[in-house]
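Asker: This structure is in structure tokens; I'll ask about it shortly.
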Amino acid sequence: MSDQLRAPDAGPYDALLLLSFGGPEGPEDVVPFLENVTRGRGIPRERLKEVGQHYFRFGGVSPINGQNRELLDALRKDFAEHGLDLRVYWGNRNWAPYLTDVLREMAADGRRRIAVLATSAYASYSGCRQYRENLADALATLAEEGVAELPKVDKLRHYFNHPGFVQPMVEGVLDSLAALPQDVRTGAHLAFTTHSIPTAAADSSGPVEEHGDGGAYVRQHLEVAGLIAEAVRAETGTELPWELVYQSRSGAPHIPWLEPDICDHLEALHEAGAPAVVMVPIGFVSDHMEVLYDLDTEATAKAAELGLPVTRSATVGADPRFAAAVRDLVLERAAAERGEAVERCALGSLGPSHDLCAVGCCPARAPRPAAAGVDSPYA
């Protein structure tokens, strides 16, 4: 059989797990979901009902589960079309289908080596290590239940600078620019947005050698923003001003978080005479609640109040190019696990991320076991 006809080899992997955050799918789910998210923090139920108003505004349904189903379908379609015989499962941290239940199902199906794709493209505690801790918790539960052979899980590398993640966002920005009135289009500013996190968590994100000055979290987002801005310049012939800004802050007021907030940034741009803004949510894989509310509702209302024309570009979602990128990530990791030389695909100056998280990478406030890293108890 020729190389062109040979089926892609995912070995040693026998499954891919799409691992996501989860979200409520009806009004009765909202408070229980928020209790899952905030477990251990002692937040009163009445306060959770207040927080849940964002969800109740949209019928108590977060779009994230539906978007993950679309991505699941896109992955299965891409794998089938390219002859990749790898079953794809889906599990969540905070809502059904729960991670532990899905890993139990995978073990019962005889899956022994699992590649894990987290729906977070960047390094941070909440975007990487916390998923690894959840994997360790789930494996510990299965061990307590007497599962004879625990599957080995390997988390795929950060994909923030993979072309299949970046290129759909470039197209989204171009579409959003085209949707602006022609007289403000060439002077529009790009506001690249991501989730604000405590500055201490940002500073300790990524490997130890990258800690400080926002750590890998800020560095990776700036890289993606620059890549998109340059691609837009190459396509339009116009160099648009841009800045990395933040959204969705949820912490205590006395704790420093990454700034500026998107709404504050819109006010500053308006005062400076910016004619229009494109909000570009590079920190999010799909248009889930934090995009739907914080950008499409709250920030858009702020722009209307200011009289500032604004559009919001699309996230990657289930774009076929992203599904192809996931296939690429699986196959490169599989080849590396087999001891083969691997050419890894990455744009920009930072290069491809690491396969295994080192000790001290994105540390938690209180150390907990984490799977799929150098310090994993489930090697």
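Asker: From VAL102, VAL116, VAL170, which residue is modelled with pLDDT of 95 or more and touching a Phe, Trp or Tyr at 6+ places or on another chain (Cβ under 7 Å)?
Answerer: VAL102
Asker: For region 216-245, enumerate the residues that are among the hydroxyl-bearing types (Ser, Thr, Tyr) and either part of a helix (DSSP H, G or I) or in contact with a helix residue (DSSP H, G or I) (Cβ under 7 Å, 6 or more places away or on another chain) (or both).
Answerer: Passing the criteria: TYR217, THR236.
Asker: Now, a different point. If I ask for residues that are assigned to a helix (DSSP H, G or I), within 23 Å of VAL31 (Cβ to Cβ) and open to solvent by 80 Å² or more (accessible area, probe 1.4 Å), which ones from region 50-91 would you list?
Answerer: GLU50, GLN53 - these are the residues of region 50-91 that are assigned to a helix (DSSP H, G or I), within 23 Å of VAL31 (Cβ to Cβ) and open to solvent by 80 Å² or more (accessible area, probe 1.4 Å).
Asker: Name the residues in region 193-241 that are among the hydroxyl-bearing types (Ser, Thr, Tyr) and closer than 17 Å to PRO256 by Cα, would you?
Answerer: Of region 193-241, the ones among the hydroxyl-bearing types (Ser, Thr, Tyr) are 193-194, 196, 199, 204-205, 217, 236, 238.
Selection gives THR194, SER196, THR199, SER204, SER205, TYR217.
Asker: A further question on this structure: Only residues in region 361-379 that are touching a residue at least 40 places away in the same chain (Cβ under 8 Å) count as the first member; pair them with residues that are open to solvent by less than 80 Å² (accessible area, probe 1.4 Å) and part of a strand (DSSP E or B), Cβ under 6 angstrom, at least 6 apart or cross-chain, and list the lot.
Answerer: Note: pairs meeting the criteria are ALA371/VAL153; ALA372/VAL153; ALA372/ASP154; ALA372/LYS155; GLY373/CYS357.
Asker: Among the residues of region 212-226, write down those that are in contact (Cβ under 8 Å) with a residue 12 or more places away in the chain and open to solvent by 40 Å² or more (accessible area, probe 1.4 Å).
Answerer: Listed by number, the residues that qualify are ARG219, LEU222.
Asker: In region 156-177, which residue that is of a type in the set (A, V, I, L, M, F, W, C) and in contact with a strand residue (DSSP E or B) (Cβ under 9 Å, 6 or more places away or on another chain) is surrounded by the most Cβ atoms within 10 Å (Cβ to Cβ)? Show your work before the answer.
Answerer: Of the residues in region 156-177, the ones of a type in the set (A, V, I, L, M, F, W, C) are 156, 160, 165-166, 169-170, 173-174, 177.
Imposing the further condition that a residue be in contact with a strand residue (DSSP E or B) (Cβ under 9 Å, 6 or more places away or on another chain) reduces the set to 156, 169, 173, 177.
Working: LEU156: 21, MET169: 25, VAL173: 27, LEU177: 22.
Per the stated criteria, the residue is VAL173.
Asker: Please note which helices (runs of 4 or more DSSP H) are completely contained in region 257-356 and include at least 3 residues that are open to solvent by less than 20 Å² (accessible area, probe 1.4 Å).
Answerer: Correct list: 262-271, 320-337.
Asker: While we're here: Starting from residues that are under 23 Å from the mean Cα position of the chain (by Cα) and not in a helix (DSSP H, G or I), keep the ones in region 27-43 and report whichever is surrounded by the most Cβ atoms within 10 Å (Cβ to Cβ).
Answerer: The qualifying residue surrounded by the most Cβ atoms within 10 Å (Cβ to Cβ) is THR38.
Asker: Out of (1) assigned to a helix (DSSP H, G or I); (2) touching a Pro at 6+ places or on another chain (Cβ under 7 Å); (3) under 15 Å from PRO281 (Cβ atoms), what's the single condition that is false for ASP175?
Answerer: Every condition holds for ASP175 apart from (2).
Asker: Kindly indicate whether GLU46 is farther than 20 Å from PHE21 by Cβ and in a helix (DSSP H, G or I).
Answerer: For GLU46, the condition - farther than 20 Å from PHE21 by Cβ and in a helix (DSSP H, G or I) - is met.
Asker: While we're here: Mind checking which pairs have a first residue in region 240-264 that is within 16 Å of TYR217 (Cβ to Cβ) and a second that is loosely packed, with under 13 Cβ neighbours inside 10 Å and of a type in the set (Asp, Glu), Cβ under 7 Å, 6 or more apart or different chains?
Answerer: TYR246/GLU259
The values are calculated or read from the model by the stated rules, or taken from the named source; none is laboratory data. Computed from a prediction, not measured in an experiment: that's the story for all the values here. When we count neighbours, we look across all protein chains shown, and the Cβ atoms used for this are built from the backbone with ideal geometry, even at glycine. Only protein heavy atoms, including side chains, enter the accessible area calculation; ligands, DNA and RNA are left aside. Shrake-Rupley method; radii C 1.70, N 1.55, O 1.52, S 1.80 Å.
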